[in-house]
Each structure stands twice: as C-alpha cells, then as structure tokens.
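Beneath this line is the structure, given in structure tokens, with notes to follow.
The values are calculated or read from the model by the stated rules, or taken from the named source; none is laboratory data. What you see is a predicted model; the values in this text were computed from it and never measured. Cβ placement follows ideal geometry from the backbone for every residue including glycine, while neighbour counts extend to all protein chains displayed. The area values use the complete protein model at the heavy-atom level, side chains included, leaving out ligands, DNA and RNA. Shrake-Rupley method; radii C 1.70, N 1.55, O 1.52, S 1.80 Å.
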Amino acid sequence: MKQVVQNYKSGELTVLDVPVPGCKPGGVLVRTAYSLISTGTELMKVSEAGMSMLGKARSRPDQVAKVVQSVATNGVPATYRKVMGKLDSYTPLGYSLCGVVEQVGAGIDDVKVGDVVACAGNEHALHAELNWVPKNLYTPVPDGLAPRHAAFGTVGSIALQGVRQGEPQLGEVALVIGLGLIGQLVVQLLVASGVRVVGVDPDPARCELAERLGADACGDPGSAAVEASVAELTGGHGVDQVYLAAGGGSNQPVELAARMSRDRGRVVDIGKCRLDLPWNAYYEKELDVRFSRSYGPGRYDPEYELAGRDYPIGYVRWTERRNLACFLDLLARGRVDVEPLVSHVADFDDAVETYQSLKDGALKAVAVLFRYPGQAEAAGTEAAAPVVAVPSVEGKRSPARPAGTPVRLAFVGAGNYATSMLLPHLAGREGVELSTVVTTTALSAANARRKFGFARATTDLEAVLDDPSVDAVFVVTRHSSHAELTQRALLAGKAVFVEKPLALTEDELAGVLAAVEKSGNDRLQVGFNRRFSPLLQEARKRFGARTGPASLRYLVNAGRLEHGSWYLRQDSEGSRFAGEGGHFIDTASWLLGADPVSVYALTTPGNEDLQVVLRYPDGSTATISYVTTGASGFPKETLDLVADGKVLKLDDFVRASVYGPERWVSSRLPKARDKGQNAELAAFVKAVRTGGPMPVPLESLVATTAATLAVRTGLASGVPVTLAGAR
C-alpha cells in the first residue's frame, strides 16, 4: 500500500510503498476514503524538517533538553548515533481521516466490515491507504454525513475540547485569536453554544470567512475595530473567554488576550503559540489560564488509546472517542459546517506536490483533503443524483374545442392561494366555465362556489375525474398530495394544472412520469409563473440573445414563517425550498435557455438559509440565495443576470432594467406586482382550448423538479449532484 512519509533529517517528502498493517485484536483495519491535512500542525512539522540542524534545535528546545540529558547519561557517541538514527528515518504524517472498515479484529462488536468510520491519532489515522485503528480512536459516521466532512472529525474534536475547557455560557462573549482551521471550528462551536464571537487574524480572507460562519466581527490583531467590537458587545467589561488558536513565535496573542479579557476571564490555549505571560496583566485581572490537551481525556494514555480501556462516563463525560462522536453528530445535524473550510481536494497520488504548494504558499488554504482512489465512491461520497429519465411519450394532443364551447375547469382545493391568486383571474374569463370545486370540507366548497360562480361544489373527487365534461383539473392542495392527485387526473385523461411543487420525492416524480407513460397524457402544467411575468418578459427581450456563458444571481428574502404555518410540517409537507424553490430554478433556467446539469447546495449553520448553485450545459451558472434571516422590509425577490457585457436587473417584479450598449429602465408599476399568474393561466387555457403544446415542455418541468429535489441530496452529501439525463 502507499503512505505519505517524511525524512526529518533531509526534509524529503514521498509517497512510499509499505506493507499493509495487520488487523490486531481490539481494533479495525480501515481503508481510507478521505484524510485531512492539518494546515497548522502538519505544515509546522514539514517546515521544521526543511530547516538546518541548528534551526531544528531552535524550534524544538524540548527535544534539545532530552539530547542534553542523554549525553549526560549515555555519552556523546551513543547519543549521536541515537539522534541521527531517529532523524534519518521516515516518519508518518496525518491524524484525521474517514474510511471504510475492511477487517474487524477480535473483541470488536460495535462496527462491521463495510461500515464508514472516522478515525483519529497521529499513529493510527495517517495519510495512508490502510490504517489499523484501535477501538477508542474510531467512531461510526452518522447516516447522511459525507465522508469528506467526517474526515474533519479529529480536528473538530481538538476544537471541541478547547471550547469545553472554556466552559462557555449562554450569552457570553468570546475572542478567538487565530482563524486557521482550528479557529474557524472554534468560532462555529461557540456560536452553536449561544456565545457571541469576535475573531482576530491578520488574514482578511480568514476574517471574512469567520464572519460568514457566525462571528459577530473579525479583524487584524492591531485593529481598533476589534477593540471597539469587544467594547460594544461586552459593555466595556471585556470578553468572558479567549481561545488561543494561533501559532508562531510572537507573544502578541497572550498580550492581546490579557487586554481584551474581563476581570477573572478565562484564557484557553489550543494552538502552539508563545506563552510568555505578562505577569502584571494576568495577575491584576486574576485570569484563569487553561490548556486544552488535543482531542480530550484519554489522549496520550496507552491504556485508553491502545488497550481500549474506556473511562466510565460517570467520571469522565467527554473522552477522546465521545468528543469525536459528538463532533460528527454536530456536523450531521448542520450545527457545524466544514464545507466552506475546504479550500482544495487533492488526489492522494499528488500528496507530495500538494504539501510543496502549501509550504511554498502557492496554495493558500484553510483545509485540504486527500481523496483516495476508488474509496470516495465506496464510502458513498460521490452519491449520484436521482436518475431522471424522461420517457418518450406520444402525448394525446386534445382536439381543438368547437367554436363557442367553453373550457370547463374543476378545482381540487380552494385555499388561500387558489382564491387569491388563481380564481380571480379565471372567474368571468371569456371562454372559461368554472365547472366544479372539490374540497375536503363542505363549507369551504360552498364558499368557493358562492364567491367565484362554480356550477357545482362537492367533496367527491371521483365524481370530477369521471365527469367527461371536465376538460382540465387544477390541483391546489397541500404539497404532500400534489403528486398523487396529478397522477389520478392524468390517468383520467384530464389536462392538469398543479401548483408547485409537482413532487416532494424522487419516487413521487417517478410516479407522475409513469402515469404520463401509461396514459399517453402529457397535458401537464406546473404553476411556475415567474417566467410569464410581463415585466420579466420585457426585460429578457431587451437583454437580447447572448453568445457567452452567463452568471445569474437570485436573492430570495423568504422571511420567517408564522407560528403554526403548515410549511413547518416538514415531515409531511417537505421543506420550504422543496415547496417553493422550483419557482426560482424555473425562472433561472428560462432566462438561461436550458435545464441545469448539476446542483450544489450549502446551508448556513443554525438556520434555514440556503445557497444553491446550478450549472448549465454551456458553462452558465445560477446562484439562488434562499434566506429566512433578512429584514422584513427588504424586497422578497431580486435578480441579476450578467453576460456579454450586459446586465439585467429585476427588483421584486416592480422595476427592471438592462445595462448594455443601450440602457433600458422600466417605469415603476403603479399597482400590485405582476408575477405572471394571469398570463400563465391564459396560456394554459389556450393550450387546452386549441389542443396545442402546453406552455412549458414536460422535460423542463421534470428537470426543474429534479433539480429542486437534488438540493436535499446535495445538502446530505456535501458535494455537487449531477442531474443524469439533463440536457
């Protein structure tokens, strides 16, 4: 097998062929899928190996002291041979990985062959294709957590143990000094604990990243803005805790910690920075200085790590292994997000070049992963998106209606959306007859009949589906019933207008397509109305054709749901984005003139904010930001389309503009926003009356629905999802 090793004497890095480790009792043999490079600890070790002997001595005074003691005990010649022998040997790198159990040793009963596990330890979780890992240094990966994210388990445990040492309390304020990999994780863990965080790092990019991940403010160590933020958040008292996650030889971090702390604050050292404590500053505030030892209790104890003797939970609540499991659980539940920290994923065969790029500064990264041949797929990380094969159906084109014959419509459901956004555009429309309204309660059916002039009101759906005089059925019910009702109406030979979403699962979507294939009836329209908005239609016309790839940005300021909203019933009605996201994907695809080929989704820890990135066949991209934490007074939908030196801008269906060789700005609409419902209904009714094509091709409806559903798959896997069969 192959393993990354380093010669500490010469500094040589290489991928070496070494024997496969045996599967000893008390542990498991794990085939690695992903391993994580610690850009702090490992790079420090790699850099030290490249120093002169004098430089090595200066960087490791602890080892020099051991050499001096050995000289006094064993003499110079023996000590020299011992030191040179140790230096001129290959040593391993790595200590955090995720992989698949290949063999189970005697005495192990909590995992089996094929299970995915996260592993820890600088002797057992190495950058190698296979590792033997003792029981207390691995833990099973929760279902749905991507192995590339689970590979952060060890580093996450280090950050978690540091936070535990700080004993954060709800409402406290913390300062994190050093926003590298550990610092970024500490920020997220503190935010998840209800602590407000200020971050410090000389790198503006890392400061910006920490703010995106939940920090209230970040800045340079010498920045007055940092002091101002601390003063504002603490009322001038100083922070409750300081976490030293920085490295290097400067004493600035411990001096800054003293200056920013409140009286009797806590200072926790997680990294490896210089600790010349300014006595007066620490004494006068009576600061509590604490150290965080790696992954937690059990570290460096061979009885725990090698012999597998666990500490009783009643005496030691959080051990190494329990910290590891806890961090994976936080990842799986979305309380911590490591995807934004992944700067680069390198093939394991390129390990030497990757380390060299990191050392030289050519690759600037917070976290780098090694991906091992064939193992990402085996561990389930590259999970394919649902295969959406649109059947080739010769749809039964309805004949044109005889002149003067109205199109007869039936409504299944008469809730708020139907009565406020659809029926007002249909009631009294020439050539339309509202035949029947079907609801689950008699009173709501009677109210709809009275208000909009339906000929009949009933609670009997079958009576409508069996009625040959009904030309089209509108499905405007709760999301969970859309797919089933659509199938039944298609099989009954009706044209169908179903409000979004068409389906909440891949199985439901497959069921709709099966109904199309079985019946030969593809007379289907989903209520994606934005593309029919007159304002957006005009803006698209003014923008004109494009020759190059486009970038589209769509901000949806969805806002918070009211208490009791049925949208909150995600177990039965699906997520908010599953219910509403099709609107925005359809609009983007219509503007770009194609269906997406891949979907990448991220969520913000602690809330429902989503970032969805769609990629299209010509290289165009669309980013949909679906947020619930914005200001209620800000417009709900704003959109920008950029291509070929032109920009199209839409402001919440109130105003639109196009910037290019000629500038066009719409007049501000004097009345309510027109999001296209009226034009959409007119197009649907015309298609039913004439027997012509439906307003949106079936292939597009299916592609939009599949892309919407793929968001859930992408959030679970943490990787882009390919839409198989998309064009």
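Assorted remarks:
- Against the list (1) at pLDDT 95 or above; (2) among the charged types (D, E, K, R); (3) open to solvent by 70 Å² or more (accessible area, probe 1.4 Å), the condition ARG663 fails is (1).
- Qualifying residues in the range 213-236 (those that are open to solvent by less than 40 Å² (accessible area, probe 1.4 Å) and either aromatic (Phe, Trp, Tyr) or more than 28 Å from the chain's Cα centre (by Cα) (or both)) - the one modelled with the lowest pLDDT: SER223
- TYR295 open to solvent by 80 Å² or more (accessible area, probe 1.4 Å) and modelled with pLDDT under 95: no
- Selection of strands (runs of 3 or more DSSP E) fully inside the range 519-609 by the criterion of at least 2 residues being at pLDDT 95 or above and within 22 Å of VAL627 (Cα to Cα) returns 551-557.
- Selection within the range 299-325: residues that are open to solvent by 30 Å² or more (accessible area, probe 1.4 Å) and part of a helix (DSSP H, G or I). The member of this set that is farthest from ALA362 (Cα to Cα) is GLU303.
- Residues in the range 1-60 that are among the small types (Gly, Ala, Ser) and at pLDDT 65 or above: 9 in all.
- Strands (runs of 3 or more DSSP E) (entirely within the range 104-166) containing at least 2 residues that are surrounded by fewer than 24 Cβ atoms within 10 Å (Cβ to Cβ): 130-134
- Residue ID - farthest from ALA192 (Cα to Cα), chosen from residues in the range 611-622 that are part of a strand (DSSP E or B) and in contact with a Leu (Cβ under 7 Å, 6 or more places away or on another chain): THR621
- Qualifying residues in the range 282-292 (those that are open to solvent by 80 Å² or more (accessible area, probe 1.4 Å) and either in contact (Cβ under 8 Å) with a residue 40 or more places away in the chain or among the hydroxyl-bearing types (Ser, Thr, Tyr) (or both)) - the one nearest to THR139 (Cα to Cα): PHE291
- Subset of the range 441-470 (residues that are under 45 Å from the mean Cα position of the chain (by Cα), exposed (fewer than 13 other Cβ atoms within 10 Å of the Cβ) and under 15 Å from ALA418 (Cβ atoms)): THR441
- Taking the listed residues ALA210, ALA246, the one that is aliphatic (A, V, I, L, M), outside any helix (DSSP H, G or I), under 25 Å from ARG293 (Cα atoms) and at pLDDT below 95 is ALA246, with no other qualifying.
- Among the residues of the range 497-512, none qualifies, meaning not one is touching a strand residue (DSSP E or B) at 6+ places or on another chain (Cβ under 7 Å), over 21 Å from GLY415 (Cα atoms) and open to solvent by 10 Å² or more (accessible area, probe 1.4 Å).
- Of all the listed residues (VAL685, VAL642), the sole one being crowded, with 20+ Cβ neighbours inside 10 Å, touching a residue at least 24 places away in the same chain (Cβ under 8 Å) and among the aliphatic types (A, V, I, L, M) is VAL685.
- Subset of the range 401-428 (residues that are more than 13 Å from ALA472 (Cβ to Cβ) and open to solvent by 50 Å² or more (accessible area, probe 1.4 Å)): PRO402, ALA403, GLY404, ASN416, TYR417, SER420, MET421, PRO424, HIS425, GLY428
- Selected residue [modelled with pLDDT under 95, under 30 Å from ALA205 (Cα atoms) and hydroxyl-bearing (Ser, Thr, Tyr)] from TYR95, TYR80: TYR95
- Of the residues making up the range 457-476, those that are within 16 Å of ASN521 (Cβ to Cβ) and touching a Lys or Arg at 6+ places or on another chain (Cβ under 8 Å) are LEU465, VAL470, ASP471, ALA472, VAL473.
- Pair list, Cβ under 6 Å, 6 or more apart: the range 436-454 residue in contact (Cβ under 8 Å) with a residue 40 or more places away in the chain, other residue buried (at least 19 other Cβ atoms within 10 Å of the Cβ): PHE454/LEU434; PHE454/VAL437
- Residue that is surrounded by the most Cβ atoms within 10 Å (Cβ to Cβ), among those in the range 167-210 that are under 18 Å from GLY296 (Cβ atoms) and without any contact (Cβ under 8 Å) to a residue 60 or more places away in the chain: LEU190
- The set of residues in the range 414-452 that are assigned to a helix (DSSP H, G or I) and of a type in the set (A, V, I, L, M) comprises ALA418, MET421, LEU422, LEU423, LEU426, ALA442, LEU443, ALA445, ALA446, ALA448.
- Boolean, VAL254 is open to solvent by less than 10 Å² (accessible area, probe 1.4 Å) and out of contact with any Phe, Trp or Tyr (no Cβ under 7 Å at 6 or more places or on another chain): yes
- So GLN169, is it assigned to a helix (DSSP H, G or I), modelled with pLDDT of 95 or more and within 27 Å of GLU255 (Cβ to Cβ): no
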